[in-house]
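Rule-based calculations on the coordinates, nothing more; no lab input. It should be emphasised that the depicted structure is a prediction, and the values quoted were computed from it without experimental measurement. All Cβ positions, glycine included, derive from the backbone under ideal geometry; neighbour counts span all protein chains shown.
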Amino acid sequence: MGATQSLITEYGRTPVVMSVRSMHAVLREEATRGDALPPDTFSEPAIAARLKAALERSSRPSLRTVFNLTGTILHTNMGRALMPEAAVAAVINAMTRPCNLEYDLDSGARGDRDALVETLLCELTGAEAATVVNNNAAAVFLALNTLGLRREVVVSRGELVEIGGAFRVPDIMARAGCRLKEVGTTNRTHLKDFAEAISAKTALLLKVHTSNYAIQGFTAAVAEPALAELAHEHDLPVMVDLGSGTLVDLEQFGLPKEPTPQESLRHGVDIVTFSGDKLLGGPQAGIIVGRKDLIARIKKKPLKRALRVDKMTYAALESVLRLYRDPERLTQALPTLRLLTRPQAEIERTANALLPAVQRMLADKASVALKPCHSQIGSGSLPVDTLPSLCIVITPTVKGKGEGTALKKIEQAFRNLPVPVIGRIAEGAFLLDMRCLEEDRVGEFVGQLEQFRL
Ligand SMILES: *Cc1c(COP(=O)(O)O)cnc(C)c1O
């Protein structure tokens with residue numbers, strides 16, 4: 001059978017044999033069940049087509065490209081930050097050729113992998129030293145375990161955050177072997193609350209950036225400089241978990257303000273932790289910067305070895321950090337910032353380029369229109385501030401009974417496309433936020449719509 005031969009050439013003998021076997025079982029069952037099947041079900045072309053479809057399905061990778069039109073730019077479920085071209089090239093090199101991951105080219109002796117990014121991190125943040133682990137949750141865990149083991153860590157009750165995905169400050173603290181000493185109240189914590197909590201058992205004062213919510217109204221929190229001064233009077237270190245931690249002043253790009261590690265360090269904070277793949281726009285990583293003696297203690301822990309990152313991460317991270325040396329070009333060079341600062345006119349152009357094709361495709365099944373909306377930064381950054389954007393609003397034509405089902409079917413049909421399109425359902429409509437659909441992807445988006453099956 002010629003069709004099978006070409007499948008063997010494409011997919012290999014073993015996968016084809018396995019598919020044929022499992023299809024045999026299905027066909028036998030269909031034949032004996034005696035249901036009304038289309039007359040050509042057991043014809044050779046029909047079987048060959050089913051075999052081909054089965055092989056295509058099983059050879060498709062699990063990790064697939066999608067269109068993230070949810071309106072959340074740093075979407076944790078969709079891989080957060082997108083890497084710039086330069087980082088991609090650096091990763092390919094690191095993956096395909098030997099590299100000096102732990103080899104000092106000057107002395108010809110064993111090197112320290114953190115040295116690959118430490119100089120850049122210190123230059124950009126003003127820190128004395130830096131180290132990198134698998135993600136920011138690991139960074140917080142490792143720092144707490146090193147600096148606060150079996151002793152008390154003082155935190156404001158207003159900052160006992162849950163980030164989602166099981167990162168909760170009290171739990172991390174317990175797992176890291178520290179005793180949580182909570183002070184103040186949910187909405188107000190004062191310097192004297194910290195001062196009264198300090199004792200011989202205290203190891204560390206901790207401040208957590210309340211990244212995914214905002215406490216508003218009658219509130220008070222202790223500013224970093226005051227907290228640092230108090231800690232240092234008692235010979236204690238202060239640590240700040242910044243969460244997102246961008247390295248530039250976002251206000252210069254018209255974005256809401258977000259604290260930076262350099263500000264915290266200038267305020268006298270001893271250790272700052274932040275993510276690599278949130279606003280920084282790099283690979284998944286947890287970055288710890290700060291005082292040299294404390295970083296040295298952190299790096300000596302066996303736990304650091306367990307949480308270390310691989311050469312691909314260092315390659316991508318170094319490359320992204322280098323972009324920060326040239327802030328003027330950052331909004332073009334760094335995809336995360338490019339999407340965050342994308343001009344409204346460009347979003348509008350993309351939306352208009354797409355609208356007729358989507359309208360044609362859904363013709364009598366749904367009304368399709370453009371509507372202003374707001375994108376979110378995501379990953380717990382800047383919780384209350386959203387960015388004006390434009391979305392395609394798809395409202396099913398059916399009203400009343402069946403409307404909800406129709407809406408779900410539309411959402412699912414977009415998800416079933418070869419490059420799944422992920423939007424969101426809100427107020428009885430399916431929304432596709434155009435902010436994250438860059439112009440060079442419009443062709444791909446429109447091109448696959450002929451495979452849309454409702
Ligand atoms: C996101 C976040 C974390 C966890 O960082 P990951 O890199 O996702 O592990 C920890 N603390 C804060 C405040 C965060 O916002």
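Which lysines have a Cα less than 19 Å from the Cα of K292, not counting those fewer than 8 places away in the same chain?
Filter leaves K300, K301, K304.
How would I288, I422, I298 line up from fewest to most surrounding beta-carbon atoms within 10 angstrom? Mind dumping the intermediate values first?
Numbers: I288 30, I422 17, I298 22.
By the 10 Å Cβ count, ascending, the order reads I422, I298, I288.
In nm, give the distance between the simple-model label positions of A426 and F218, each being 7 Å from the Cα along the Cα-to-Cβ direction.
It is 3.3 nm.
Can you give the helix-only mean residue ellipticity at 222 nm for the chain, where every DSSP H stretch with n ≥ 4 adds -39500 (n - 2.57) and the sum goes over all residues, rounded to the nearest 500 deg cm²/dmol?
On the way: 18 runs with 188 residues, N = 454.
Taken over the chain, the calculation gives -12500 deg cm²/dmol.
With a 10 Å radius around each residue's Cβ, average the other Cβ atoms per peptide and rank 406-415, 433-442, highest first.
Top of the packing list down: 433-442, 406-415.
Apply 1/(1 + (r/R0)^6) to the Cβ-Cβ distance of R441 and H374, taking R0 = 25 Å, and write down the FRET efficiency to the nearest 0.05. Walk me through the numbers before you get to the answer.
Numbers: r = 21 Å, r/R0 = 0.86.
My answer for the efficiency is 0.70.
Just to check I understand the Karplus step: with θ = phi - 60° and J = 6.51 cos²θ - 1.76 cosθ + 1.60, what whole-Hz values come out for the stretch 112-123, glycine and proline as x?
Here the 3J(HN,Hα) series is 10, 4, 5, 4, 4, 10, 5, 4, 4, 4, 5, 4 Hz.
What is the order of K278, K300, fewest Cβ neighbours within 10 Å to most? Spell out each step's value before the answer.
Numbers: K278 27, K300 11.
Ascending Cβ contact count within 10 Å gives the list K300, K278.
Hey, what do the phi angles of the stretch 444-453 turn into as Karplus ³J(HN,Hα) couplings, whole Hz, using 6.51/-1.76/1.60 and θ = phi - 60°, x for Gly and Pro?
3J(HN,Hα) across the stretch 444-453, in whole Hz: 4, 4, 5, x, 8, 5, 5, 9, 5, 10.
Helix 44-59 sits at what angle to the longest principal axis of the chain, using alpha carbons and giving 0 to 90 degrees rounded to 10?
On a 0 to 90 degree scale, this one is about 0.
Once the piece of chain linking D171 and H234 is laid out straight, how much longer is it, given 0.36 nm per residue of separation minus the C-alpha distance between them? Don't skip to the answer; put the middle values down first.
Working: separation 63, 0.36 × 63 = 22.68 nm, distance 2.64 nm.
Gain on extension, D171 to H234, equals 20.0 nm.
Per 0.36 nm of contour for each residue apart, how much would the distance between R50 and R150 grow if the chain were fully extended, relative to their Cα-Cα spacing?
Gain in length upon complete extension: 29.8 nm.
Could you tell me the distance between the Cα centroids of the stretch 408-451 and the stretch 101-136, to the nearest Å?
Cα centroid of the stretch 408-451 versus Cα centroid of the stretch 101-136: 41 Å apart.
Provide the net charge surrounding H267, with neighbours chosen by a C-beta distance below 12 Å and charges set as Lys +1, Arg +1, Asp -1, Glu -1.
Around H267, the surrounding residues sum to -2.
Regarding the chain, what is the average projected area of its C-alpha convex hull, in nm²? Provide the component values of the computation, followed by the final result.
Values: hull surface 117.0 nm².
Mean shadow area of the hull around the Cα atoms is 29.2 nm².
Using packing as a proxy for protection, rank 48-56, 77-85, 103-111 so that the peptide with the highest average count of other Cβ atoms within 10 Å comes first.
77-85, 48-56, 103-111
If I take all pairs of Cα atoms in the stretch 175-220, what percentage of them are more than 15 Å from each other? Could you put the intermediate results ahead of the total?
Numbers: 551 of 1035 pairs.
Distances greater than 15 Å cover 53 percent of the Cα pairs.
Going by average Cβ density within 10 Å per residue, which order do the peptides 7-16, 169-178 take, highest to lowest?
Working: 7-16: 14.5, 169-178: 17.1.
Listed from highest to lowest mean packing, they are 169-178, 7-16.
For the stretch 89-100, take each phi angle, set θ = phi - 60°, evaluate the Karplus expression 6.51 cos²θ - 1.76 cosθ + 1.60, and give the result in whole Hz per residue in order, putting x for glycine and proline.
4, 5, 5, 4, 4, 5, 7, 9, 9, x, 9, 8
So, in Å, what gap is there between the alpha-carbon centers of the stretch 1-25 and the stretch 240-254?
For the stretch 1-25 versus the stretch 240-254, the Cα centre distance is 54 Å.
How high is the FRET efficiency from S62 to R179, r the C-beta distance, R0 41 Å, rounded to 0.05?
Working: r = 42 Å, r/R0 = 1.02.
Calculated value: 0.45.
How would E427, E123 line up from fewest to most surrounding beta-carbon atoms within 10 angstrom? Before the final figure, lay out each step's value.
Values: E427 7, E123 12.
The fewest-first ordering by Cβ neighbours comes to E427, E123.
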